[in-house]
Amino acid sequence: MKKYASLAAAGLLVLVSSAVTLIHAARNRSGPPTAVITLSSDELVFTRDTDDSGILLQLQISHLYHDPYAPAWLPPAGIAALGFDTSIHPDDTRALDHYRRQCARRAFVAFEVGGPAYQRALAAVDEPRRQGITANRSRLFPVDASLNAQQLHARYAGRAGVLILPAVVRVLPETSWSATATRAARPARLNLAVIEVPSQIHVPLPFSQSFRVLPVTARPENSPQPLYHVTLRYGRFYEPQITAVSVP
Amino acid sequence: MNGDLLSRAEAQRQADRIRALRDSLAQLQRDRILILTPDQRAAFDAWSAETLQTLAARFDIDTTDSQKRLSLGLRIASTLGGLALCAALILFFLRFWGYVDTPFQVVAAICLPLAALAATEFAALRERTLYFAGLMALISLGCFILTLSAIGRVFNIISTENALFAWGLFALLLAYRYGLRLLLAIALGLLVSFGSATLSGRFGYQWLDFSNRPENFVVLGLIVFAIPLFLVHRRRSDFPPVYRLAGLFVFYIATISLAEWAGQSYFPAGVKFIERAYEIFGLLSAGAFIAWGIRRHWDGVVNISSAAFVIFLFCRLFHWWWDWMPRYIFFAVIGAIAIALVFAFKRVRSHFNPEAAA
C-alpha cells in the first residue's frame, strides 16, 4: 500500500482541490446576493471563438472615466485611502517616477450604469471625442472605491443599478494643461485606473442556446436597442451567475 | 554491489565509469603503459560485461554511446509529444464542452486527470525507461490545470494564486514518484510563482502581477537552491542539480532585471542607486557561486554562474561606454575583455590541476 502512497496523494489532490473549488462556488451562490443587475449587450460583450464551444460574455466598463476631459471620479483622499502614496503632487517633477513605481492594488469599486457621474463625464467631453467614445457603448462607470466592500454597500444601499466588484486599480498622475481656444485649463491631478474587474462570465445551458443562434455578436451602429439583456446575480464572493437572458 | 544502487541515474553513472575504465585500459594497453596478463584481462572483461549487463537488465540504462544519443532523442520526443498531446486534449475539451450540461462538464474535468494518472502508472509499470510515463505525467499535469481552470470558468470564480500551489504540488508528487526531472523543474517554477504571488497578495497587490516584484524571486530562488543542502536525496540523486539550477536561474534572472530596472524594488531608495547595488550584488554573488560550485564539483552551478557573471559585467560596460564610445571601439574593448577573461579562467583552471600546480 505504501508503494502507491504518492499516486494516491496525487489522485486525492485532484479530488480535494476540485471539491474545495465546488464548495467555494456553492457558498458563493448560497445566501442573499450582493447585487442583482440586468445588463445589456453594450456592457456584456459576446464574441465567438471557433475553438471554444463554451459561451463567454465579457463585462466591459466605460472608458470615459479616464478621458482627459472627464472629471476625476475619485478625489485624492479616496485614492490615498486605498493604500497609494499620494504625498507627491502630480505636477512635481518626481511625480511620474513616484507613481510609476507603485504597483496595482486590490480594492472594491462601485460602478453605476449610465448614472449621473457617467452623464457628467459625457457632457464634459467635446463632440468629436464623444463620437469615438461611443464605439465602446458600455455605460458601466466607476463612481467610488474602497478597501472595504461593506462600506461601499452601506454608502449605496437602496440605490438601483449600482454594482460593487472587486477590482485591481492603479494610481495615475495626469499633467496640467493651460487653456486654449477649444478647451479650458486643467490643473494636474491624480486619477485611478481600473486595471481589472472579474469580467468573464460563462453562459451555461440552456441560456447559451440563445447566443448560438444570434446572427451577429455586436449591436449594429444604427440599431436602437441592444441585442440581448442578461440578468446577473452576484453572490457573497462577488462572483456572478446568470439567472435570465432575454433576446428581443 | 548493484543491490546498493538506489536510482537509475546512479546506475547510469556507474555504467559510464565502467565504460570509461574499459576504454582507458585498452588505450594504456595499446600504448604499452599498463599491460594486463591474459587472465587479468579476461577477468576484467567478464566483470565489466556482466556488471553492465546486470545494470542494463535492472535499470534499462544506456551501455553504449549510440544508445545514449538515442536516449536524448527519445527524451526530447517524449517531452514534445507530451506537450502536443496536452494541447490536443485541452483543445478537444474546449471544442465540445459547451454542448453539455454543467454537471457533465465538472465530472469530465475531474475525471480527465485521474484517467491520465492511471495511464501514467500503467506506462511506468510496463516500461522502466519511463519515456511514456514522462509523457503521460505531462498530460496528467495539463489535465489537472484544465480541471481547476474549467471549474473556475463554469462557476465564474475569481482566480487566485492557490491553484498554482495545487498544480505545483501535483507536479512535485509525480516528479518524485517517477523520478522525472522535467516535472520537478515545472513544479519548482509553479511553487516559486505561488510563493511570489502570495507575497504580492499579502501586500495588497494583484496576485497576477507577481512577476513585477523581482525581489520575491531573488529570495525564493535562493530558498530553492538551498533545499538540497537540507533535504538529502538518497533515492533521487539526480534531483539536487535540478533544485540548484532552477533556483539559480530564478535568482539570476530576478537580479539581472533589478540591476537593469529597479523601479519595482521594495527598497525606498532612488532607482539608480538600487540598480547599481543589484549590479554589484549580482557580480559578487555570481563570483561566490562559481567558487562554491568549483569546490563542491557542481558543474551546472559553475556554468550558470559564469554566464551570469559575464552578463552582469557586459551590462555594466554597456551602461558605462555605449553612449560615448564609437561602436567599433566598444566591441573591440568587449572582445579584449573576453580574451582577458579566458586567460584569467585558464589560470584559475590550472590551479585545480594537481600536476600543473606541483
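The values are calculated or read from the model by the stated rules, or taken from the named source; none is laboratory data. These numbers come from a predicted model, not from an experiment. Note that we place each Cβ from the backbone using ideal geometry, even for glycine, and neighbour counts take in every protein chain shown.
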message: All but one of (1) polar (S, T, N, Q); (2) part of a loop (DSSP other than H, G, I, E, B); (3) loosely packed, with under 14 Cβ neighbours inside 10 Å hold for residue A:58; state the number of the condition that does not hold.
response: (2)
- prompt: What are the residue pairs meeting all of these: first residue in segment B:1-17, first residue in the same structural domain as residue B:59 (by TED's automatic domain parsing), second residue at pLDDT 55 or above and among the aromatic types (Phe, Trp, Tyr), Cβ atoms under 7 Å, and 6 or more apart or on different chains?
  reply: B:8/B:59; B:11/B:59
task: Take the residues in segment B:247-264 that are within 14 Å of chain A (Cβ to nearest Cβ) and in contact (Cβ under 8 Å) with a residue 40 or more places away in the chain, then tell me which one is surrounded by the most Cβ atoms within 10 Å (Cβ to Cβ).
output: B:258
- prompt: Looking at segment A:143-199, which of the residues that are basic (Lys, Arg) and not in a strand (DSSP E or B) is modelled with the lowest pLDDT?
  reply: A:183
- prompt: How about segment A:92-116: which of its residues are in contact with a Phe, Trp or Tyr (Cβ under 9 Å, 6 or more places away or on another chain) and among the β-branched types (Val, Ile, Thr)?
  reply: A:113
message: Cβ-Cβ distance below 7 Å, separation of 6 or more or different chains: which pairs start in segment A:187-209 with a residue that is touching a residue at least 12 places away in the same chain (Cβ under 8 Å) and more than 11 Å from every other protein chain (Cβ to nearest Cβ) and end on one that is hydrophobic (A, V, I, L, M, F, W, C) and in a helix (DSSP H, G or I)?
response: A:190/A:79; A:192/A:79
query: So which residues in segment B:272-284 are among the aliphatic types (A, V, I, L, M) and either touching a residue at least 40 places away in the same chain (Cβ under 8 Å) or crowded, with 16+ Cβ neighbours inside 10 Å (or both)?
result: B:274, B:277, B:283
- line: Across (1) assigned to a helix (DSSP H, G or I); (2) surrounded by fewer than 18 Cβ atoms within 10 Å (Cβ to Cβ), residue A:36 clears everything bar (1)
message: Just to be sure I understand, how many residues within segment B:155-167 are buried (at least 20 other Cβ atoms within 10 Å of the Cβ), of a type outside the set (Phe, Trp, Tyr) and part of a helix (DSSP H, G or I)?
response: 3
- request: Being crowded, with 18+ Cβ neighbours inside 10 Å and farther than 25 Å from residue A:67 by Cβ is the filter here, so list the residues in segment A:177-203 that pass it.
  value: A:201, A:202, A:203
task: Just need a number here: residues in segment B:112-135 that are away from every other protein chain (no Cβ under 12 Å) and surrounded by 22 or more Cβ atoms within 10 Å (Cβ to Cβ).
output: 2
query: Residues in segment B:145-163: is at least one under 20 Å from residue B:81 (Cβ atoms) and in contact with a helix residue (DSSP H, G or I) (Cβ under 6 Å, 6 or more places away or on another chain)?
result: yes
- line: Reported set for segment B:26-68 where residues are part of a helix (DSSP H, G or I), within 27 Å of residue B:127 (Cα to Cα) and acidic (Asp, Glu) is B:50, B:65
- line: Those residues of segment A:90-118 which are among the basic types (Lys, Arg) and either in contact with a Pro (Cβ under 7 Å, 6 or more places away or on another chain) or within 30 Å of residue A:156 (Cα to Cα) (or both) amount to A:105, A:106
message: Condition first: in contact with a helix residue (DSSP H, G or I) (Cβ under 9 Å, 6 or more places away or on another chain), in a strand (DSSP E or B) and either within 9 Å of chain B (Cβ to nearest Cβ) or β-branched (Val, Ile, Thr) (or both). Now tell me which residues in segment A:210-242 satisfy that.
response: A:230, A:241, A:242
- line: Those residues of segment B:71-111 which are of a type outside the set (Ser, Thr, Tyr) and either facing chain A (nearest Cβ under 9 Å) or part of a loop (DSSP other than H, G, I, E, B) (or both) amount to B:91, B:94, B:95, B:96, B:97, B:98, B:100, B:101, B:105, B:106, B:109, B:110
field: Wholly enclosed helices (runs of 4 or more DSSP H) of segment B:286-358 bearing at least 1 residues surrounded by 12 or more Cβ atoms within 10 Å (Cβ to Cβ)
entry: B:299-321, B:327-351
message: Please go through segment A:73-117 and give me each residue that is within 11 Å of another protein chain (Cβ to nearest Cβ), under 25 Å from residue B:158 (Cα atoms) and not in a loop (DSSP other than H, G, I, E, B), ordered by number.
response: A:105, A:106, A:107
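For every residue, the table says whether it meets (1) of a type outside the set (Asp, Glu); (2) within 20 Å of residue B:308 (Cβ to Cβ); (3) at pLDDT below 95; (4) in contact with a Phe, Trp or Tyr (Cβ under 6 Å, 6 or more places away or on another chain).
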position	(1), (2), (3), (4)
B:188	yes, yes, no, no
B:193	yes, no, yes, no
B:198	yes, no, yes, no
B:241	yes, yes, yes, no
B:247	yes, yes, no, yes
B:253	yes, yes, yes, no
B:262	yes, yes, yes, no
B:273	yes, no, yes, no
task: Have a look at A:90, A:76, A:68 and point out the one that is crowded, with 18+ Cβ neighbours inside 10 Å and over 17 Å from the mean Cα position of the chain (by Cα).
output: A:90
- prompt: Is it true that some residue in segment B:342-355 is without any contact (Cβ under 8 Å) to a residue 60 or more places away in the chain and under 24 Å from residue B:210 (Cβ atoms)?
  reply: no
